[in-house]
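Have a look at the structure below, then the notes.
Values in this text are rule-based calculations from the coordinates and carry no lab data. On a predicted model such as this, the values are computed, not experimentally measured, just so you know. Counting neighbours? That spans all protein chains shown, and the Cβs are built from the backbone with ideal geometry, glycine included.
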Amino acid sequence: MSEPIIKIQDLSKSFDTPDGEIKVLDGINLEIYRGEIFGIIGVSGAGKSTLVRCINFLERPTSGKVFFDGKDLASLSQKELYRTRQSMGMIFQQFNLLMQRTALDNVCFPLEIAGTDKKTARKKAKELLELVGLPDKANSYPSQLSGGQRQRVAIARALATDPKVLLCDEATSALDPSTTREVLALLKDINKRLNVTIVVITHEMKVVEEICNRVAIIDSHLIAEIGTVEEIFARPKSQAARRLFYPEGKQLALHGDRCCRIVFDGNSASEPVIADMVLRFRTTVNILFADTKNIDGKAFGQIVIQLPQEEGVADRMIEYLKAKGLAVEEVEGFV
């Protein structure tokens, strides 16, 4: 693994309110590596957006350190910090385009601020609009563009200063599912083509499954779990991670009996493991929940079964499933 481009050490952030101090982030430790697509996921209010604003020092941490490309951001002068921020492009949920400017002029805007001459800026902006698939929309205003097109312009604008990192704060939350897939495919292409590190802040597990290599799960202002998306899907260690892999609000009626969750990857999905197990032990199991997922282009399936009441049979079934190389964990109540 390469050196981290972003390193966060013991970061905490609190805000003073009329009702007293509120802690939003508590002891965050993260390393994000060059060239990866890293997801930060959590429910609303978990502290995700505050964390991304701490990464580029729009919010200064109450305690702890943020290193970007080896530099301690707290040690930089305001001028050095501004220059470093040019290496961090930002994409927002509501696009944040200037409505009185054309798409081309929106992409030129950060170049103007950086002091780039007009001819050079317009040439680069046209190239970036080509990159995001909107060469014919250069003279269109945001009001004339769809949501997906606006976000593409916003991505082009974020790339204008040749950033090393793109910070995407709920960048697809305002888009429909089809447009979301298109924008995620574009980000994936940009990551591969330009080797830009991408940090995706989201509350949607589908976004993480679609695009991310690794993910950190924030729960109650803490990091609950970090790992590859595949690892966490197959063997979640935290309750917060388990909740994310089920449909929102999914409640399983377990009736007090033992149940287990089984994960199949693309290699094992074609094997009739459950049917073979039922025949082998001559005892039926009750399927409570099942679905499939596409994680970074690979097919995964999960199934929750209710095991037989006989303890010995249930134990042997679990051992049988593990011997088949499957990820198996016992689950209780809300999973």
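Remarks
- Integer Hz, Karplus 6.51/-1.76/1.60 couplings in order for segment 23-35, x for Gly and Pro: 8, 9, 10, 9, x, 7, 10, 9, 10, 10, 8, 4, x
- Using Cβ point charges alone (K and R +1, D and E -1), the dipole size of the chain about the Cα centre works out to roughly 1280 debye.
- Taking amide H atoms as placed 1.01 Å from N in the peptide plane, the amide H of A299 lies under 5 Å from those of G266, each 5 or more residues away in sequence or on another chain.
- For segment 175-182, the Karplus equation 6.51 cos²θ - 1.76 cosθ + 1.60, evaluated at θ = phi - 60°, returns couplings of 10, 6, x, 5, 5, 4, 4, 5 Hz by residue, with Gly and Pro reported as x.
- Highest-MSF residue in the chain out of V66, V273, V43 [GNM, Cα springs under 10 Å]: V273
- Options F38, Q239, I91, ranked by Cα towards positive dipole end of the chain, top entry (Cβ charges): I91
- Antiparallel %, DSSP beta bridges [both residues in the chain], to 5: 70 percent
- Relative contact order [Cα under 8 Å, 6+ residues apart], segment 1-149, whole percent: 19 percent
- Measuring nothing but how far apart in sequence close Cα pairs (under 8 Å, 6+ apart) lie, relative to its length, segment 82-237 scores a relative contact order of 24 percent.
- 0 to 90° range, to nearest 10: angle between helix 103-113 axis and the chain longest Cα axis: 70 degrees
- FRET efficiency for E310 and S238, using Cβ-Cβ distance with R0 set to 25 Å, rounded to 0.05: 0.20
- Across the options V196, S146, L134, the greatest Cα extent toward the positive end of the charge dipole of the chain (unit charges at beta carbon of Lys, Arg, Asp, Glu) belongs to L134.
- Vicinal HN-Hα couplings computed from phi for segment 76-90 (Karplus, 6.51 cos²θ - 1.76 cosθ + 1.60; Hz; Gly/Pro x): 7, 6, 4, 5, 5, 5, 4, 5, 5, 4, 5, 8, 10, x, 10
- For segment 1-145, a crude dipole built from +1 on the beta carbon of Lys and Arg and -1 on the beta carbon of Asp and Glu, taken about the Cα centre, is about 560 debye to the nearest 20.
- Pair D276, S63: separation of 7 Å Cα→Cβ label points (nm): 5.4 nm
- The distance separating the Cα centre of segment 1-55 from that of segment 78-149 comes to 27 Å.
- Put simply, the amide H of E225, placed in the peptide plane, has neighbours under 5 Å in I217, leaving out anything fewer than 5 places away on its chain.
- Put simply, the C-alpha atoms of the chain give a gyration tensor, and the ellipsoid matching it has half-axes of 43, 24, 17 Å, longest first.
- Relative contact order of the chain: 18 percent, from C-alpha pairs under 8 Å at least 6 residues apart in sequence.
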